[in-house]
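Working notes, beginning with the structure itself.
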Amino acid sequence: MIPAALAQAAAGAGWRPFLDPVTLPGGSWWLTLIPLALLISVVYKAVRVPNVRRLPAHVLVMTAQIVVAMVVLAAGIHAVVLWIVPALGG
Amino acid sequence: MPADPPKDQLEPIAAVLAAVLPGLGHLSLGQPVRAAWVFVGVMGLFFGGIFIGGIDTIDRKEDFWWFTAQAGVGPVAFAVDRVNQSWVKIPDPDAEHGVRSPGPDESPRARKSLGHANEIGALWAAIAGMLNVICILDCLWHTPRPVGAGGSRRRRADTPAPGAQA
């Protein structure tokens, strides 16, 4: 989804990487959470793990934890806003 | 009798090097693998943010509080801001600082970053800066790690050299 948007932006609007902002298609910007979680995990685990040979495994686990936690949080907020608050007469 | 756990050591030079370039502090402590991961992670976040939001996401004057966090990356953040202020922005006598980010079709050099792209780009670069501050502190209060585990090649001061007589 995002690569297609990048290609379209580059072809149509003369998009220049690192100068112009990326045109993120509506509803897909949240996918940037995955590389964000990955890179945060890389730096955090790089200073935390005693043995860097096991770093990739630690990074993958932490990335999955962040993504799953964010999805659960989003689902919880979704339930509160769309179901619980209306049920309470809000 | 179990060995004492390694004690933290104050390493101000390594902390300064880590502030100059992400990963350089750990490299000076003899941890090249750890330094490479720090460099890739921090620079990936910082330039990933610029990739998403454009160079306009690094703006010391218009986005001061974002830049406060982004500055943790070090001189690289100030260099990118300098390019943005002096090369990308356009003169505007009505603007607070005499220059402002160009709107769409106003400048051939770059377009103003707005909406989700701007927010996400600024967030990525800000997180890069804050994570590098953690790396600087890790270098400043350094705990020697075992050799062979990607840890420090520096020998602890209270550890005898290999082959030394007890």
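Where a number appears in this text, it was derived from the coordinates with a stated rule and is not lab data. In this text, all values refer to a predicted model and were calculated from it rather than measured experimentally. Note that each Cβ is placed from the backbone with ideal geometry, even for glycine, and that neighbours are counted across all protein chains shown.
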Residues of B:92-100, mean number of Cβ from any other protein chain within 10 Å of their own Cβ, rounded to a whole number?
0
Restrict the search to region B:1-95; then list the trypsin sites (Lys or Arg not before Pro) that DSSP places in a loop and that have at most 12 other Cβ atoms within 10 Å of their Cβ.
B:Lys7
Output field shielding_mean for A:31-40 (other chain Cβ, 10 Å radius) holds 5
I'd like the Karplus ³J(HN,Hα) series for region A:51-67: coefficients 6.51, -1.76, 1.60, θ = phi - 60°, whole numbers in Hz, and an x wherever there's a Gly or Pro.
10, 6, 5, 9, 4, x, 5, 4, 5, 5, 5, 5, 4, 4, 4, 5, 5
Shape metrics for region A:26-87, restricted to C-alpha atoms - Rg then Dmax, Å:
15.6, 52
Average other protein chain Cβ within 10 Å of Cβ, residues B:118-127
2
Spin-label model distance (nm) - B:Phe64 vs A:Leu60, 7 Å beyond Cα toward Cβ
4.6 nm
The simple spin-label model distance between A:Ala75 and B:Leu10, using points 7 Å out along Cα→Cβ, in nm, is 5.0 nm
How much net charge surrounds A:His58 when only other residues with a Cβ under 10 Å from its Cβ are counted (Lys, Arg +1; Asp, Glu -1)?
+3
Please give the direction-averaged projected area of the C-alpha convex hull for region B:9-142, in square nanometres with one decimal.
8.1 nm²
